[in-house]
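The values are calculated or read from the model by the stated rules, or taken from the named source; none is laboratory data. Remember, predicted model here, so these are calculated numbers, not experimental data. Quick reminder, even Gly has a Cβ in these numbers, built from the backbone with ideal geometry, and neighbours come from all protein chains shown. Accessible surface areas use protein heavy atoms only, side chains included; no ligands, DNA or RNA. Shrake-Rupley method; radii C 1.70, N 1.55, O 1.52, S 1.80 Å.
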Amino acid sequence: MKTFFRIAAAAALFAAMTACDAFHSLTKSRLKTAQGSPYELIVVCPQQEWTGELGDTLRSILTAPVPYLNQTEPLFDVLRVTERGFSGMVADHRNILKIVEDPSLAATNIAVQYDVTSEPQIVMTLMGPSDKSITAFLSANRGNIVLALENAERDRAIKYAEKFNE
């Protein structure tokens, strides 16, 4: 009879430990899994900026052909949304570039954040006082912007491959 109670107590303890969410919280990520395909980029900017010189510069940088290929392929598949449409699954995308025009800013700058609403994710925010200053900044730093996005894609691929290293 003592053995029966010991086995029952051990089974109850095991069931309580596996049923409690506290034991699973160490392995669960607080973020959702990022949406989107590799080398797909969401650009968040107003229609006026997208159809103007700034949009032309963005498209020329982000959809430039991949070098050393024998056929023409763009660096990124670029999708544009407005700030109003930037919610839900769109905000959980893996690569996001936000364009913010604010006349109160003194200079154009870029901020890079990782894993904001999902994981793995890169969110680049390009802020400037005018379209012309943002366009000039893009032209001057085109290599660094593309490099940051490509490195994020490379790191994702490496992290995924490490799960299946055998």
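A few comments on the model shown:
- Of all residues in segment 95-124, those that are surrounded by 12 or more Cβ atoms within 10 Å (Cβ to Cβ) have Cβ atoms under 6 Å from Cβ atoms of residues that are small (G, A, S), 6 or more apart or on another chain, in T108/G128; T108/S133; T117/A91; S118/A34; E119/S29; P120/A34; Q121/A34; I122/A152.
- Residue in segment 60-77 that is open to solvent by 60 Å² or more (accessible area, probe 1.4 Å), over 30 Å from Y160 (Cα atoms) and either assigned to a strand (DSSP E or B) or in contact (Cβ under 8 Å) with a residue 24 or more places away in the chain (or both) present: no
- Residue within segment 133-140 that is part of a loop (DSSP other than H, G, I, E, B) and open to solvent by less than 60 Å² (accessible area, probe 1.4 Å) present: no
- Among the residues making up segment 35-51, those that are surrounded by fewer than 15 Cβ atoms within 10 Å (Cβ to Cβ) and in a loop (DSSP other than H, G, I, E, B) are S37, P38.
- Among residues of segment 136-157 that are farther than 15 Å from T108 by Cα and touching a residue at least 60 places away in the same chain (Cβ under 8 Å), those with a beta-carbon under 9 Å from a residue that is open to solvent by less than 20 Å² (accessible area, probe 1.4 Å) and assigned to a helix (DSSP H, G or I) at least six positions away or on a different chain give the pairs V146/I61; V146/L62; L149/L62.
- The single condition among (1) under 17 Å from E40 (Cα atoms); (2) among the polar types (S, T, N, Q); (3) touching a Gly at 6+ places or on another chain (Cβ under 7 Å) that T63 does not satisfy is (3).
- Boolean, E162 is among the acidic types (D, E) and either in contact (Cβ under 8 Å) with a residue 12 or more places away in the chain or more than 25 Å from R30 (Cβ to Cβ) (or both): no
- Residues that are open to solvent by 70 Å² or more (accessible area, probe 1.4 Å) and modelled with pLDDT of 70 or more within segment 6-34 comprise R6, I7, F14, R30, K32, T33, listed in sequence order.
- Residue ID - farthest from the chain's Cα centre (by Cα), chosen from residues in segment 78-94 that are among the small types (G, A, S) and either open to solvent by less than 60 Å² (accessible area, probe 1.4 Å) or within 22 Å of P129 (Cβ to Cβ) (or both): G85
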